[in-house]
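The next block holds one structure in the form of structure tokens; read it before the comments.
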Amino acid sequence: MKKKSLAMAKLAALAAEEKKAKNTVILNLNKLTLIADYFVITTGESEPQLKAINNFIVEKMKESEIRLLHKEGSPETGWILLDYGDVVVHIFSEEKREFYDLEYIWQEAKRIRLLKKKTKGEGEE
């Protein structure tokens with residue numbers, strides 16, 4: 001089951017990155033709490049971007065038949081939480097991310113590195 005939840009977290013993180021989210025991280029919480037196996041934390045720079053990130057993550061997860069269990073917040077509040085059970089996605093404005101500082105609260109959590117897809121022309125000579 002842990003591999004499935006890691007794949008879910010990576011799917012959400014990559015979807016956020018596709019919408020130009022900033023500083024996306026995946027925190028591995030499975031040895032620290034029963035709340036979730038992973039947190040995905042990401043930042044948008046405006047309300048429209050927060051909305052786009054949210055909608056794209058929800059769409060990609062739905063395409064993979066991953067059911068959203070609960071949603072809180074909105075682009076207007078600067079914080080959106082998407083609860084997928086073993087994976088909880090936090091989409092923040094820069095101000096709210098700094099205020100809540102989940103990376104500090106969960107500093108004992110291992111960070112999962114995202115391997116970004118190469119864009120055309122990148123790495124080519």
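What follows draws every value from the coordinates through simple rules; no lab data is involved. Remember, predicted model here, so these are calculated numbers, not experimental data. Quick reminder, even Gly has a Cβ in these numbers, built from the backbone with ideal geometry, and neighbours come from all protein chains shown.
Just a few scattered comments:
- Of all residues in segment 17-26, at least one satisfies being buried (at least 18 other Cβ atoms within 10 Å of the Cβ) and in contact with a Ser or Thr (Cβ under 6 Å, 6 or more places away or on another chain).
- Checking the stated criteria, Val40 turns out to be outside any helix (DSSP H, G or I) and in contact (Cβ under 8 Å) with a residue 12 or more places away in the chain.
- Members of segment 27-54 that are closer than 13 Å to Glu76 by Cβ and either buried (at least 20 other Cβ atoms within 10 Å of the Cβ) or among the small types (Gly, Ala, Ser) (or both): Gly44, Ser46, Leu50, Asn54
- Condition check for Ser64: touching a strand residue (DSSP E or B) at 6+ places or on another chain (Cβ under 9 Å) and either surrounded by fewer than 18 Cβ atoms within 10 Å (Cβ to Cβ) or among the charged types (D, E, K, R) (or both): no
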